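Working notes for the structure below.
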Amino acid sequence: MERGHLHALALSAQTFSIEKALKQGTCPRSVYLLGWTCPLAVRGLLDDLGKSNFNAGHLESSLRYLKYFVALLFAFFFAFALVIDRSAGVTYSLMVLTGMATAALGLRPEGWSFPSFLRKYWMVSLSMALPLVAVLINQLVTGHYASRAYDAQSRLALFLFMFWLMLFLPLEYLKQLQWPIVLGAMLTLIKMYVLSDGGNDRYGTDFIPIIICAHMGLLLGVFGMLSLGWTHSDSRLVTFSKLAGLCAGLYMAYLSGSRGVWMTIPVYAAISSMALKHIRRSYKLAALGVFVVIVAASLTFGHSIKERMIAAQVDLQQYSAGSDKDTSLGTRLQLWNGSWVLFKEHPLVGVGIDRYQTALEELADRKIITTQAATFPHSHNEMLFMMVRLGSMGALALLAIYLVPLWMFARQCRHTDREIRSSAAMGLSLVAGFMVLGLVDVVFLWWECYPFYGIGIAYCLTCILKRQQQLQANA
């Protein structure tokens, strides 16, 4: 394909998606302005490539500007994806399209070619595409075709182009993204605090549910805290800023009132303790003591936590007695049982992406679940929800997007280099957090979770790769 055609394709595709969203009123002006920067960066690069007097100096200069725009994209995502509606989707689309353009042009970040990149990371790239493959198999077998069924799963399937784009960022650029991450945690807390009226109103959703928002906001705080492993100075300001981001995340978890989000906190604490082993034991014990005090104080004085724990006990008693099955926990137990029944009846490919609600209504007609339980949009369990809709193929796909990156990060968590160890702990926290919350909720039902998960995986893997290259160069 000629460079002029690539030029037009990269610019027109990204411009169309942004302008369409703006006309529909779904794209904030700040996101619209950001959307123009990356296509223009690619345009400038293509113009340079097309010049007759083009030389290596021009390419180096153009790539430098491309790096600035790519860094801006990722910084904008981490800072504002949970705060500004549609920003996550628009930014992720720009990343994918720009990654496609650079791959088509044959551009090489620090000597990498796109084929060599695929050979090294084929397993994680394939795992991200498996949910889309499961949808295709389901529709081929059942004969029920719906184009919207591809929407959510295609976002992860395009992961490799966003990952490829991130390779253009040097390690120092990647490290600087820790500050948009910390900023994102704080901005998300401000949003949640305002929407919840200072914690007095457990609101449902703005453009993302409070539980999912708190989950990803807490992860941003954990990422910021784990990035202390990248810091080789004893700056109190840096340490205080990272701890402030973590506290913002913990307070979001409290405001959410979600028992599922609370379940992830001990997991993050265990991973952090393992990764930050360079920190003196006295500091770790002090941090553990503060954590215990906070938990004890929350249980003693925090009405939200006490009320949720008491409600859980009452729900279980009423469900066991059969007096009320439509409580919060009672509904979950019904949905879990009903989902298992549906999976046993459709074990291979499930009932289909868009036929879940109909399947629940049929269960209600058969008196397996109540009429009220049949109105819920998901199974309150990630694995069961995938098994119901996409059968065994869906279950294997979900295991792949969990276990493949989990294995890749776990291998590096005991690395002798603390920067690699910290980056691996970030990735491990991301995957483990999604898995734990997925036991009682469905995280991948919401648009923002797909780019958040994919970008988080790519970010941590790239930080590990770049640090390994740096260590090899210094050896």
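The values are calculated or read from the model by the stated rules, or taken from the named source; none is laboratory data. Not measured: the values here are computed from a predicted model. Backbone-built Cβ (ideal geometry, glycine too); neighbour counts: all protein chains shown. Surface accessibility is based on the protein's heavy atoms, side chains included, excluding ligands, DNA and RNA. Shrake-Rupley method; radii C 1.70, N 1.55, O 1.52, S 1.80 Å.
Things to note:
- Close pairs (6 angstrom Cβ cut-off, 6 or more residues apart or separate chains): under 10 Å from Thr331 (Cα atoms) in the stretch 368-388, assigned to a helix (DSSP H, G or I) and open to solvent by 20 Å² or more (accessible area, probe 1.4 Å) anywhere: Ala374/Glu361; His380/Arg332
- Which numbered condition Met435 misses (of (1) open to solvent by 10 Å² or more (accessible area, probe 1.4 Å); (2) among the aliphatic types (A, V, I, L, M); (3) within 23 Å of Leu140 (Cα to Cα); (4) under 14 Å from the mean Cα position of the chain (by Cα)): (3)
- When Met216, Met225 are checked against the criterion of being under 17 Å from Leu177 (Cβ atoms), part of a helix (DSSP H, G or I), among the hydrophobic types (A, V, I, L, M, F, W, C) and open to solvent by 10 Å² or more (accessible area, probe 1.4 Å), a single residue qualifies: Met225.
- Filter result for Val238 (without any contact (Cβ under 8 Å) to a residue 24 or more places away in the chain, out of contact with any His (no Cβ under 6 Å at 6 or more places or on another chain), in a helix (DSSP H, G or I) and surrounded by fewer than 19 Cβ atoms within 10 Å (Cβ to Cβ)): yes
- Residue count for the stretch 93-110, restricted to those that are closer than 15 Å to Leu66 by Cβ, open to solvent by 20 Å² or more (accessible area, probe 1.4 Å) and in a helix (DSSP H, G or I): 6
- Of all the numbered requirements in (1) under 15 Å from Phe78 (Cβ atoms); (2) out of contact with any Gly (no Cβ under 7 Å at 6 or more places or on another chain), His415 misses one, and that requirement is (1).
- Residues of the stretch 407-422 that turn out to be farther than 13 Å from Leu465 by Cβ and either among the hydrophobic types (A, V, I, L, M, F, W, C) or open to solvent by less than 50 Å² (accessible area, probe 1.4 Å) (or both), as a count: 5
- Output for the stretch 85-105, where each listed residue is at pLDDT below 95, over 12 Å from Phe168 (Cα atoms) and β-branched (Val, Ile, Thr): Val90
- Residue that is modelled with the lowest pLDDT, among those in the stretch 111-135 that are more than 17 Å from Leu399 (Cα to Cα) and surrounded by fewer than 14 Cβ atoms within 10 Å (Cβ to Cβ): Gly111
- Taking the conditions (1) touching a residue at least 12 places away in the same chain (Cβ under 8 Å); (2) assigned to a helix (DSSP H, G or I); (3) under 17 Å from the mean Cα position of the chain (by Cα) in turn, Phe207 satisfies each one other than (2).
- Neighbours by Cβ (under 6 Å, 6+ apart or cross-chain): first from the stretch 445-458, more than 19 Å from Leu384 (Cβ to Cβ); second in a loop (DSSP other than H, G, I, E, B): Glu448/Ile208
- Within the stretch 150-162, residues that are more than 13 Å from Trp446 (Cβ to Cβ) have Cβ atoms under 7 Å from residues that are among the polar types (S, T, N, Q) in these pairs: Phe159/Ser125; Leu160/Ser125, counting only partners at least 6 apart in sequence or on another chain.
- Pairs with Cβ under 6 Å, 6+ apart, first in the stretch 114-134 and within 20 Å of Arg155 (Cα to Cα) and touching a residue at least 60 places away in the same chain (Cβ under 8 Å), second open to solvent by 20 Å² or more (accessible area, probe 1.4 Å) and in a helix (DSSP H, G or I): Met123/Val404; Val124/Val404; Ser127/Val404; Ala134/Met393
- Test for Ser328: is it under 30 Å from the mean Cα position of the chain (by Cα) and at pLDDT 85 or above: no
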